[in-house]
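The values are calculated or read from the model by the stated rules, or taken from the named source; none is laboratory data. Source: prediction; values computed, not measured. Note: ideal-geometry Cβ built from the backbone for every residue, glycine included; neighbour counts use all protein chains shown.
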Amino acid sequence: MNTLEVQDLSYSYPDGKPALRAVSMHAVEGECIGIVGPNGAGKSTLLLHLNGILPGDDSRQGKVIVCGEPVTSSNLHEVHRMVGLLFQDPDDQLFCPTVREDVAFGPVQFGFPPLEIDRIVRESLREVGLEGFESRSPHHLSGGEKQRVCLAGILACNPSILVLDEPTSELDPRGRRELARLIRGLPATRVIASHDLELVVDLCSRVYLLDGGEVVASGPAREIFSDEDLMLAHGLEKPHSLHHRHPHP
């Protein structure tokens, strides 16, 4: 079953400039897919449609279907629960005085009882390696720690689909490895938009290559990334790991 489906999605910015042009994509339950492309390709704009942050008004055509339900203005509350979106800049997502309040925000909105919220916060922070951070101020944390607090807040809502926009942009190599391990172990359907093609080839079974708001190629990640002519034509480079693949003994 397709947990996520985008059908002929087109969207123009308020100034009339097209941002997405008849984009179609899908992800099956539990799959991890990548969205790649040069700057300005439409990746972040596409992600903002996946949980209804960008409105379905006259500037949008096509459909986004989440767990069998089309995303509409009338069911956004439920869509936000099913689709967790990790923003590129953690400071866009953190607004409470303590880590606990930030992580608890979603469960509070969904009406969970206080004792259940305490348990969810503890488990979510433990899952991202920030156990005991409840009373810390998010704005005094490192970039990587902020990113993990944001992810804990999303995991606290137990979404069916996890959407990540440039999740490694704030991370050092160790933080990046830890995040990759965490993402790999999650049961949710995952959609990752990133310039970090090593992360994408490591985690994603399939990719969609966007340029100029259009899907110009899609298929198995290693197959797409190994097509050097295709990659160069769209401002990307073949991941280093694919240049040095050794046969297993």
**Asked** Which of the following residues is touching a His at 6+ places or on another chain (Cβ under 8 Å), within 16 Å of Gly84 (Cα to Cα), modelled with pLDDT of 95 or more and not small (Gly, Ala, Ser): Leu4, Leu20, Leu9?
**Response** Leu4
**Prompt:** Which one of the conditions (1) closer than 22 Å to Val28 by Cβ; (2) at pLDDT below 90 does Thr168 fail to meet, given that it meets all the rest?
**Reply:** (1)
**Among residues of region 11-36, those that are without any contact (Cβ under 8 Å) to a residue 60 or more places away in the chain and small (Gly, Ala, Ser), counted** = 2
**Asked** Limited to region 41-67, what total is found for residues that are small (Gly, Ala, Ser) and without any contact (Cβ under 8 Å) to a residue 24 or more places away in the chain?
**Response** 1
**Prompt:** Listed residues Gly132, Gly185, Gly144; which is more than 30 Å from Val28 (Cβ to Cβ) and within 17 Å of the chain's Cα centre (by Cα)?
**Reply:** Gly144
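Output the residue which, of all residues in region 6-55 that are among the β-branched types (Val, Ile, Thr) and within 22 Å of Ala221 (Cα to Cα), is surrounded by the fewest Cβ atoms within 10 Å (Cβ to Cβ).
Once the filter is applied, the top-ranked residue is Val28.
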**Request:** Scan region 77-94 and report the pairs whose first residue is under 18 Å from Phe110 (Cβ atoms) and free of Cβ contacts under 8 Å to residues at least 60 places away in the same chain and whose second residue is in a helix (DSSP H, G or I) and among the hydrophobic types (A, V, I, L, M, F, W, C), with Cβ atoms within less than 9 Å and a gap of 6+ or a chain change.
**Result:** Val79/Leu50
**Request:** From Phe105, Phe110, grab the single residue that is crowded, with 16+ Cβ neighbours inside 10 Å, out of contact with any Leu (no Cβ under 9 Å at 6 or more places or on another chain) and free of Cβ contacts under 8 Å to residues at least 60 places away in the same chain.
**Result:** Phe105
**Request:** Tell me which residues, restricted to region 79-102, are surrounded by 14 or more Cβ atoms within 10 Å (Cβ to Cβ) and over 18 Å from the mean Cα position of the chain (by Cα).
**Result:** Cys96, Thr98, Val99, Arg100, Glu101, Asp102
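Residues are listed down the side, and each one gets a yes or a no for (1) within 30 Å of Gly16 (Cα to Cα); (2) of a type in the set (S, T, N, Q); (3) touching a Gly at 6+ places or on another chain (Cβ under 7 Å):
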site: Thr189; (1), (2), (3): no, yes, yes
site: Asp196; (1), (2), (3): no, no, no
site: Cys204; (1), (2), (3): no, no, yes
site: Gly219; (1), (2), (3): no, no, no
site: Ile224; (1), (2), (3): no, no, no
site: His234; (1), (2), (3): yes, no, yes
site: Lys238; (1), (2), (3): no, no, no
